[in-house]
Each structure stands twice: as structure tokens, then as C-alpha cells.
Amino acid sequence: MRESISNANFPRDEEDRVYHISVKLGDVANRVLTVGDHVRARKIAKLLDSEEETGHPIFEKTSQRGFLTITGRYKGVPVSIMAIGMGNSMMDFFVRETRASVEGTLAIIRFGSCGTLSHLAPPGAVIVPSGGYCIRRNIDYFADEPIYPELKDKPYFFSGNFKADEGITEILSKTLETALAPIEAENEFVGPVLTGGLNADGCSFYSSQGRLDPDFWDDNESLLKEVVVNYPKTHSIEMETSMLFHLARCARDPSKPIKAAGCMQVFADRLANAFIRPEVVAVLEPVVGRACLDALIQVEIENEMSVEGSVWE
Ligand code: R1P
Ligand code: URA
């Protein structure tokens, strides 16, 4: 760390950049497409309007902690594409530090990958959840000396449900269905788009998603059955989208709402124990990435930011 940081509660550097993502006001647009990995982000960023078209350089920042922010215009509308890595805590860094770097409404679409728990969405399908919940490993269950013995009963906890933004979810579903229809007609391994179910965020890719690992004591053999019993509408299982819905729900200031939706390409079939083939991802991912941008720019933002010197000036 080279910059000097003044505030231990919400750290920023001398130029007011937030501590982990390393952006400041003006670097991120009101409309954000977030993905897990940099490669996906950079491929989608190729769809942004060129610098010749906009007359502005495309903003790009990779933080020391591995967050990537790319801000430009898509079909004339300011958007940011942000790669955040994996898991609930990365989502927490992303949502809080982005919120602190954008004025007005923040509209977020997450485009990730997931495991499927629905026969209607095999690998190659795209799932658009209407809400999501979290499955957390209860580490007290595994503790040698639990502080709260009453918490020792259950190895995994299920949270309540958090809703996606209905308006953005509807735009996203329709845009994806239109974009995928011609590809589905040509390629039997792509599609369909499955909407209206729930997403489960595991706090791990392994134990809290019901993966069996003989090297560890996990007590998760019945976890996926429990998912079906507790939440029969669960279509997808991954690691960030429910946390995004949860944090959007907890945004306090009504003049700065966070509206969030998500879609995932199905990579792993957790019922049939199968995985998507790379050649299917190569067809699916660019179409879904473009559809996410097309959906994002349809989202109405009443109080769009205007920051002197930024990419959307
Ligand atoms: C695990 O392989 C990762 O893939 C999924 C999960 O949520 C987790 O982050 O999403 P991304 O493809 O967006 O990273
Ligand atoms: N991402 C996950 O978190 N789980 C899966 O099964 C596939 C992708």
C-alpha cells in the first residue's frame, strides 16, 4: 500500500478513492454490470462504444486487491463493467464501495455462472432469479469449544429470502429471451432462459453448496435435499447474487436506492453431476454479456450523475 489513508471507518486514499476497489466519484456510472472474472469483463468491455465514437477515453482501473472497473458508454449510455472476484465478502466490498462512489440511483446487473437444481435449466441454460437466500456453514457446529452451545445443532443455516428488483428483472428476462432465441434454434446445448425461481448463495463453493469432499468434515450429505425441502423453488446455486439482493434491500437512503437483478449461465448440473463444455460457453457468454448491457441501458435512472471531467461528460 503506497497511498496514505486517513479514515479507519471507511478508508479512502488522498485522492478520495475507496480502499479496495480504488475508484472515486466520477469513475463509476449509475448503471453497473458486475461479473466474477476479469476475462469475462474484458470481453464484454469490447462491446463499449469506441473512444473515437464518444470522444472520451474508456476509464479502466485494476485495484491492488484485484477489482477491475471499466467505464465507458454502450449505445451512448454511460455504463461500468466491474469484475469483483468470488463470494459474499467480495460482493460486500463491491456494493458498499461502489455505492460510496456514485451519486443517485445505482442499477446493478450481475452476470455470473451457477450450478443448477432444476431439470428445466441444464448446462447452457440461463437462469434469472426473482430472489435469493444464503446458505451459511455454521462454524459453531464444528467448533471444539462453542461459545453458544445452542448453536451446535445444525451444520448449515438458511437465511430468509431477498427479492430482486422486479422492473430490472423483467427487462433482463425479456432481453435475454430475445437474444437467445435465434441461438437456441441453431444450438441444442444453449438455453432456455428460466425465470421466476430462487437463487441460493453458498458461503463456499464446496461445503455449503453440498459438494462432498472426503478430505474434510463437512456433514453436508443431505444439504441439497434440505434445499429442496426448505426452498422448492430454488433453480440456481452460486456465491454472490443473493448477497447483492440482500445489500440492495439494506440500502438506507431513499435518494440513493440500489436496484439489482441477476442472471447466471448454468455451468454445473448438480442433479446429474455434469458440467458445461467450453465450446458452449464460447457461444453463450458473448450473447448473454451483450444482452445484459442491452438490458442495463433500458433501466430508467431518474437522478443520473453528472461529474465534471468524467467519461460521461
Ligand atoms: C465459482 O466458480 C464462481 O462462479 C460463480 C460463483 O458465484 C463463484 O463466484 O460466479 P462467477 O462466474 O461470476 O464467478
Ligand atoms: N458457480 C458456483 O458457485 N457453483 C457452481 O456449481 C457453478 C458455478
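The values are calculated or read from the model by the stated rules, or taken from the named source; none is laboratory data. Since we're looking at a predicted model, the values are computed, not measured. Cβ sites come from the backbone with ideal geometry, for glycine too, and all protein chains shown count toward neighbours. With ligands, DNA and RNA removed, areas are computed over all heavy atoms of the protein, side chains included. Shrake-Rupley method; radii C 1.70, N 1.55, O 1.52, S 1.80 Å.
Odds and ends about this structure:
- SER208 in contact with a Lys or Arg (Cβ under 9 Å, 6 or more places away or on another chain), open to solvent by less than 60 Å² (accessible area, probe 1.4 Å), within 11 Å of ligand 2 (Cβ to nearest atom) and among the hydroxyl-bearing types (Ser, Thr, Tyr): yes
- Test: residue in segment 266-281 that is surrounded by fewer than 18 Cβ atoms within 10 Å (Cβ to Cβ), on the phi > 0 side of the Ramachandran plot and in a loop (DSSP other than H, G, I, E, B): yes
For every residue, the table says whether it meets (1) of a type in the set (Lys, Arg); (2) open to solvent by less than 10 Å² (accessible area, probe 1.4 Å); (3) over 13 Å from the mean Cα position of the chain (by Cα).
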site	(1), (2), (3)
GLU97	no, no, yes
LEU106	no, yes, yes
ILE109	no, yes, no
HIS119	no, no, yes
CYS134	no, yes, yes
PHE142	no, no, yes
GLU150	no, no, yes
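- PRO122 passes every criterion in (1) over 16 Å from CYS263 (Cα atoms); (2) away from ligand 1 (no atom under 16 Å from the Cβ) apart from (1).
- Once segment 30-87 is narrowed to residues that are of a type in the set (Gly, Ala, Ser) and under 16 Å from ALA291 (Cα atoms), the residue that is nearest to ligand 2 (Cβ to nearest atom) is ALA41.
- Just one of the listed residues (VAL280, VAL287) is of a type in the set (A, V, I, L, M), away from ligand 1 (no atom under 14 Å from the Cβ), in contact with a Pro (Cβ under 8 Å, 6 or more places away or on another chain) and modelled with pLDDT of 95 or more, namely VAL280.
- Screening LEU120, LEU172, LEU151 for residues that are at pLDDT 95 or above and in a helix (DSSP H, G or I) leaves exactly one candidate, LEU172.
- Single condition ASN138 does not satisfy, out of (1) touching a residue at least 24 places away in the same chain (Cβ under 8 Å); (2) touching a strand residue (DSSP E or B) at 6+ places or on another chain (Cβ under 9 Å): (1)
- Annotation note: Cβ proximity below 7 Å between a residue of segment 190-205 that is free of Cβ contacts under 8 Å to residues at least 12 places away in the same chain and a residue that is near ligand 2 (Cβ under 10 Å from one of its atoms) (sequence gap 6+ or interchain) occurs for no pair.
- Restricting the first member to segment 84-99 and to residues that are farther than 10 Å from ILE21 by Cβ, and the second to residues that are assigned to a loop (DSSP other than H, G, I, E, B) and among the polar types (S, T, N, Q), the beta-carbon pairs closer than 9 Å and six or more apart or on different chains are GLY87/SER204.
- Restricted to segment 11-89, the set of strands (runs of 3 or more DSSP E) holding at least 3 residues that are touching a strand residue (DSSP E or B) at 6+ places or on another chain (Cβ under 8 Å) and surrounded by 19 or more Cβ atoms within 10 Å (Cβ to Cβ) comprises 31-35, 68-74, 77-83.
- For segment 176-192, a residue qualifies if it is under 13 Å from GLN298 (Cβ atoms) and either open to solvent by less than 20 Å² (accessible area, probe 1.4 Å) or in contact with a His (Cβ under 6 Å, 6 or more places away or on another chain) (or both), and exactly one does: LEU176.
- Verdict on ALA282 being out of contact with any strand residue (DSSP E or B) (no Cβ under 8 Å at 6 or more places or on another chain), under 20 Å from PRO182 (Cβ atoms) and not aromatic (Phe, Trp, Tyr): yes
- Taking segment 217-257 as the range and being of a type in the set (D, E, K, R) and either in a loop (DSSP other than H, G, I, E, B) or open to solvent by 70 Å² or more (accessible area, probe 1.4 Å) (or both) as the test, the residues that pass are ASP218, ASP219, GLU221, LYS225, LYS233, GLU240, ARG249, ARG252, ASP253, LYS256.
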